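Asker: Can you keep this structure in mind? I'll have questions shortly.
The values are calculated or read from the model by the stated rules, or taken from the named source; none is laboratory data. This one's a predicted model, so the numbers in the text were calculated from it and none came from an experiment. All Cβ positions, even for glycine, are placed from backbone atoms using ideal geometry, and neighbour counts span all protein chains on display.
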Amino acid sequence: MDLSNFDLKANADRGFDVEVKNPIDGTDTDIIVSVVGSDSARYRNANIAAMVEVPLDEGMPIQEKAAVVTKRFSLVLAACVTGWAGIEIDGKEIEYSPTSALEVLGQYDWIADQLSEKIKNRENFA
């Protein structure tokens, strides 16, 4: 098998548009979020940065460890978002920025869950 046929990094760096689904019934929404994949340089760099920014101490109580893992997950996921359309909160359109991505994904777990699933699925970046 010729491994050069699988340029996963380039495909992941190119990105993919995720059509966010309604968390209750799975129907389409008008939210589109552009993301890079888990094989991208951006994803890998964000993982390293999150480990440095939010260190995990083995002696921490389990609740603190859980908070560290959650924070790292949020930082990495937000770093994978490159743009979006259709996101509003209380009738106000939210413009994409790295800061707003972190805030929205932290507040709306159901969006974070959908994006995480898509980012890790290599078929989306083929």
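Asker: Mind checking which residues of the range 77-122 are under 18 Å from N11 (Cα atoms) and hydrophobic (A, V, I, L, M, F, W, C)?
Answerer: L77, A79, C80, V81, L115, I119
Asker: Condition first: over 17 Å from the mean Cα position of the chain (by Cα), part of a helix (DSSP H, G or I), loosely packed, with under 13 Cβ neighbours inside 10 Å and among the hydrophobic types (A, V, I, L, M, F, W, C). Can you find one or more residues in the range 48-63 that meet it?
Answerer: Checked against the condition, which is being over 17 Å from the mean Cα position of the chain (by Cα), part of a helix (DSSP H, G or I), loosely packed, with under 13 Cβ neighbours inside 10 Å and among the hydrophobic types (A, V, I, L, M, F, W, C), the range 48-63 yields at least one hit.
Asker: Please count how many residues of the range 24-46 are part of a helix (DSSP H, G or I) and either surrounded by fewer than 13 Cβ atoms within 10 Å (Cβ to Cβ) or in contact (Cβ under 8 Å) with a residue 60 or more places away in the chain (or both).
Answerer: Matching residues across the range 24-46 total 3.
Asker: If you don't mind, another one. Which of the following residues is modelled with pLDDT of 95 or more and in contact with a Leu (Cβ under 8 Å, 6 or more places away or on another chain): A85, A78?
Answerer: Only one candidate qualifies: A78.
Asker: Across the range 74-126, what is the number of residues that are loosely packed, with under 14 Cβ neighbours inside 10 Å and β-branched (V, I, T)?
Answerer: Counting residues in the range 74-126 that are loosely packed, with under 14 Cβ neighbours inside 10 Å and β-branched (V, I, T) gives 2.
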